[in-house]
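*Asks:* Dumping the structure here so I can ask a few things about it.
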Amino acid sequence: MLGYFDDCTDELLNDLSGLIAIPSVRDLSTKSVNAPFGQSIRKSFDYLIDWAKREGFEVRDHQGYALDISYGEGKEEIGILHHVDVVPAGDEANWITHPFTLHQQGDLVFGRGVTDNKGPLMASLYILKMFKQLNTPMTRKIRVIIGGAEETTWECVEHYFRHQPQPAFGFSPDGDFPIVNGEKGILYAELQKESQTLRDLGVCQIYRIESERDRTSTCHHLSIWFSGQQAASVAQRFDGVADVTQQKELYRVVLTTPWEKSRNPHRVQNCMDKFMAVMRHVEGLDANSKSLIELLESCFADSIDGAKLGLAHMDDEMGGTSCCVSSINLDEHGYNLDFDFRFPKGLSIEETRTQLQHLSQKYGVSFTEQQYLPLSYLSPESDLIQAMGKAYSEVTGMEAQCFSKGAASYARALNNGVAFGPTFPGDVTKVHEPNEQLSLESLRKAITIYVKVLISLQE
């Protein structure tokens with residue numbers, strides 16, 4: 001049975017190539033009826049509908065929020081959750097090939113979405129195709145559920161499960177092996193303060209701060225303009241760690257650090273910390289600037305576990321909290337900063353909100369919750385995880401250990417589900433980066449594991 005995939009690799013890659021060619025990035029400027037996330041994501045759904053009809057599968061379109069493609073019979077279902085939307089490709093000059101053209105180099109394929117999540121999606125569809133061609137009996141129907149807003153708002157699965165029942169078992173091939181049985185709660189939030197008075201000059205004034213408002217990344221680029229009597233002196237303190245230039249009466253400082261996902265603040269230095277290493281020692285700032293520096297120093301600087309927010313917590317099974325400033329912006333009207341806070345079981349969202357509201361009142365800023373995703377956790381003793389662990393061990397010869405992540409997959413939308421593969425320890429994927437890639441050998445191994453799990457869950 002499993003040799004089937006060696007024979008159809010070229011066919012699978014051809015179908016994947018067509019899906020990769022669609023730049024399915026959310027674009028609300030092109031949304032319409034049955035295309036709530038824009039025309040490119042709608043086009044990807046239509047591509048998959050055509051594939052399902054061609055192969056003779058039952059397919060349902062849920063108003064452009066999600067699709068499902070299914071095989072088998074039975075009152076209970078096994079759900080395999082994927083998404084068709086992707087993050088932007090960024091500067092194409094940083095790619096070794098065009099990001100929306102599937103490119104193969106030996107065992108690797110490149111393209112935006114090959115790992116996250118179109119490659120694993122196509123693998124799941126080919127598993128259905130194999131079962132259908134071999135007329136494999138099913139006591140539980142297998143339903144591949146495909147959303148269109150995993151990278152953004154999650155309206156897709158919210159809409160889907162508002163109208164459709166939960167599967168008896170489920171998993172999302174949008175994580176790592178062995179088994180991600182825990183995903184931390186995620187809170188994206190903004191703190192903002194409006195300037196209530198005309199700008200006072202002070203001895204030194206932060207005239208403007210600009211950074212990209214990407215809540216999923218660390219703050220990796222800050223442009224700061226200084227003005228006032230001591231502007232030159234303050235800007236020169238950044239010599240050696242930043243690019244410093246004079247622009248008429250203003251002094252501009254540009255700070256950069258390596259890019260990293262906001263869920264991994266421990267991996268890189270945040271530009272905010274480089275900024276604060278100098279600014280915490282500067283006196284004579286104007287009121288607007290002083291307020292921002294006080295907030296950063298008291299609540300965020302050199303603190304990646306939420307301790308300065310009063311929210312640090314450690315769970316024996318899921319690990320600890322994390323906190324990451326993702327952007328800072330300031331002008332004559334005031335300032336705002338975005339941050340990403342992630343937390344394990346043992347700390348509730350209600351406690352988190354209460355503490356952040358308390359801090360916002362203390363520092364005279366407004367607190368806005370941009371998005372909240374509840375944590376998920378499934379016991380290692382569950383029937384699903386036991387079946388997964390057995391299949392993983394049989395294929396790899398390794399023990400299937402459970403672990404938790406700060407990442408978000410559709411697993412947290414399931415009552416009884418986890419993230420399960422498709423990548424293995426040591427795989428380089430460059431998800432959300434230029435040159436996103438997928439190992440075909442790893443994909444074949446993942447397919448073998450998935451087939452074993454799906455068959456065992458029929459018993």
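*Asks:* Taking the conditions exactly as written (touching a Leu at 6+ places or on another chain (Cβ under 7 Å), touching a residue at least 12 places away in the same chain (Cβ under 8 Å) and part of a loop (DSSP other than H, G, I, E, B)), does Ala408 satisfy them or not?
*Replies:* Working: touching a Leu at 6+ places or on another chain (Cβ under 7 Å): yes; touching a residue at least 12 places away in the same chain (Cβ under 8 Å): yes; part of a loop (DSSP other than H, G, I, E, B): yes.
In short, yes.
*Asks:* Just checking, does segment 364-378 include any residue being out of contact with any Asp or Glu (no Cβ under 9 Å at 6 or more places or on another chain) and farther than 30 Å from Leu295 by Cβ?
*Replies:* Yes - at least one qualifying residue is present in segment 364-378.
*Asks:* Would you tally the residues in segment 304-325 being assigned to a loop (DSSP other than H, G, I, E, B) and surrounded by 16 or more Cβ atoms within 10 Å (Cβ to Cβ)?
*Replies:* Taking segment 304-325 first, the residues assigned to a loop (DSSP other than H, G, I, E, B) are 304-306, 310-313, 316-318, 321.
Still in the running and surrounded by 16 or more Cβ atoms within 10 Å (Cβ to Cβ): 304-306, 311-313, 318, 321.
Qualifying residue count, segment 304-325: 8.
*Asks:* Here is a further query. Residue by residue through segment 228-255, note down the ones that are under 19 Å from Tyr335 (Cβ atoms) and in contact with a Cys (Cβ under 8 Å, 6 or more places away or on another chain).
*Replies:* Scanning segment 228-255 gives Gly228, Ala231, Val234, Leu255.
*Asks:* Considering Ala21, Ala89, which residue is out of contact with any helix residue (DSSP H, G or I) (no Cβ under 7 Å at 6 or more places or on another chain), surrounded by fewer than 18 Cβ atoms within 10 Å (Cβ to Cβ) and within 19 Å of Val109 (Cα to Cα)? It would help to see each step written out before you state the result.
*Replies:* Working: Ala89 fails: surrounded by fewer than 18 Cβ atoms within 10 Å (Cβ to Cβ).
Of the residues listed, the single one that is out of contact with any helix residue (DSSP H, G or I) (no Cβ under 7 Å at 6 or more places or on another chain), surrounded by fewer than 18 Cβ atoms within 10 Å (Cβ to Cβ) and within 19 Å of Val109 (Cα to Cα) is Ala21.
*Asks:* Could you identify the single residue in Leu222, Leu296, Leu255, Leu292 that is within 31 Å of the chain's Cα centre (by Cα), within 22 Å of Ile186 (Cα to Cα), of a type in the set (A, V, I, L, M, F, W, C) and not in a loop (DSSP other than H, G, I, E, B)? It would help to see each step written out before you state the result.
*Replies:* Details: Leu222 fails: within 22 Å of Ile186 (Cα to Cα); Leu255 fails: within 22 Å of Ile186 (Cα to Cα); Leu292 fails: within 22 Å of Ile186 (Cα to Cα).
Every option except Leu296 fails the conditions.
*Asks:* In segment 200-215, which residue that is among the hydrophobic types (A, V, I, L, M, F, W, C) and over 26 Å from Phe339 (Cβ atoms) is surrounded by the most Cβ atoms within 10 Å (Cβ to Cβ)? Give the steps one after another, and end with the answer.
*Replies:* Let us first name the residues in segment 200-215 that are among the hydrophobic types (A, V, I, L, M, F, W, C), namely 201, 203-204, 206, 209.
Add one more test, that the residue is over 26 Å from Phe339 (Cβ atoms), and what stays is 201, 203.
Numbers: Leu201: 11, Val203: 15.
In this case the residue turns out to be Val203.
*Asks:* Can you go through Ile328, Ile385 and tell me which one is in contact (Cβ under 8 Å) with a residue 60 or more places away in the chain and part of a strand (DSSP E or B)?
*Replies:* Numbers: Ile385 fails: part of a strand (DSSP E or B).
That would be Ile328, the only listed residue that is in contact (Cβ under 8 Å) with a residue 60 or more places away in the chain and part of a strand (DSSP E or B).
*Asks:* If you go through segment 11-49, how many residues are in a helix (DSSP H, G or I), among the β-branched types (Val, Ile, Thr) and out of contact with any Ser or Thr (no Cβ under 6 Å at 6 or more places or on another chain)?
*Replies:* Kept after step one, since they are in a helix (DSSP H, G or I), are these residues of segment 11-49: 11-20, 28-30, 39-49.
Right, trim to among the β-branched types (Val, Ile, Thr) and you get 20, 30, 41, 49.
Subsequent filtering for residues that are out of contact with any Ser or Thr (no Cβ under 6 Å at 6 or more places or on another chain) retains 20, 30, 49.
So the count comes out to 3.
*Asks:* Looking at Thr218, Thr136, Thr153, which is the one that is more than 20 Å from Gly79 (Cβ to Cβ) and surrounded by fewer than 19 Cβ atoms within 10 Å (Cβ to Cβ)? Don't jump to the end; show me each part of the working.
*Replies:* Working: Thr218 fails: surrounded by fewer than 19 Cβ atoms within 10 Å (Cβ to Cβ); Thr136 fails: more than 20 Å from Gly79 (Cβ to Cβ).
Result: Thr153 is the single residue among Thr218, Thr136, Thr153 that is more than 20 Å from Gly79 (Cβ to Cβ) and surrounded by fewer than 19 Cβ atoms within 10 Å (Cβ to Cβ).
*Asks:* Looking only at segment 236-279, filter to residues that are surrounded by 14 or more Cβ atoms within 10 Å (Cβ to Cβ) and acidic (Asp, Glu); which one of those is nearest to Tyr207 (Cα to Cα)?
*Replies:* Checking each candidate, the answer is Asp273.
*Asks:* Let me ask something additional. Hey, Ser442 hits all of (1) without any contact (Cβ under 8 Å) to a residue 24 or more places away in the chain; (2) not in a helix (DSSP H, G or I) but one; which does it fall short on?
*Replies:* Single failed check for Ser442: (2).
*Asks:* While we're looking at this one, here's another question. Which one of Ser172, Ser233 is crowded, with 23+ Cβ neighbours inside 10 Å, over 30 Å from His358 (Cβ atoms) and not aliphatic (A, V, I, L, M)?
*Replies:* On the way: Ser233 fails: crowded, with 23+ Cβ neighbours inside 10 Å.
After ruling out the rest, the residue left standing is Ser172.
*Asks:* Could you list, in sequence order, all residues of segment 60-76 that are more than 27 Å from the chain's Cα centre (by Cα) and assigned to a strand (DSSP E or B)?
*Replies:* Going residue by residue through segment 60-76, those that are more than 27 Å from the chain's Cα centre (by Cα) are 71-76.
Matches in segment 60-76: Tyr71 only.
*Asks:* Okay, next question. Where the second residue is surrounded by 20 or more Cβ atoms within 10 Å (Cβ to Cβ) and of a type in the set (S, T, N, Q) and the first is in the same structural domain as Tyr363 (by TED's automatic domain parsing) and lies in segment 282-294, which pairs have Cβ atoms under 9 Å and are six or more apart or on separate chains?
*Replies:* Partner pairs satisfying both residue conditions: Val282/Ser289; Leu285/Gln205; Asp286/Gln205; Asn288/Gln205; Ser289/Gln205.
*Asks:* Within segment 332-350, which residues are over 17 Å from the mean Cα position of the chain (by Cα) and either assigned by TED's automatic domain parsing to the domain that holds Ser404 or over 18 Å from Ala312 (Cα atoms) (or both)?
*Replies:* Those that are over 17 Å from the mean Cα position of the chain (by Cα) and either assigned by TED's automatic domain parsing to the domain that holds Ser404 or over 18 Å from Ala312 (Cα atoms) (or both): Glu332, His333, Gly334, Tyr335, Asn336, Leu337.
*Asks:* Okay, next question. What number of residues within segment 365-381 are touching a strand residue (DSSP E or B) at 6+ places or on another chain (Cβ under 8 Å), more than 30 Å from Gln192 (Cα to Cα) and part of a loop (DSSP other than H, G, I, E, B)?
*Replies:* 3
*Asks:* May I pose another question? From the set of residues in segment 259-280 that are free of Cβ contacts under 8 Å to residues at least 40 places away in the same chain and part of a loop (DSSP other than H, G, I, E, B), which is farthest from the chain's Cα centre (by Cα)?
*Replies:* Arg280
*Asks:* Go through (1) surrounded by fewer than 18 Cβ atoms within 10 Å (Cβ to Cβ); (2) not assigned by TED's automatic domain parsing to the domain that holds Thr448 for Val365 and report which single condition fails.
*Replies:* Condition not satisfied by Val365: (1).
The values are calculated or read from the model by the stated rules, or taken from the named source; none is laboratory data. Given the structure is predicted, the values throughout are model-derived calculations rather than measurements. Positions of Cβ are backbone-derived with ideal geometry, glycine not excepted, and every protein chain shown enters the neighbour counts.
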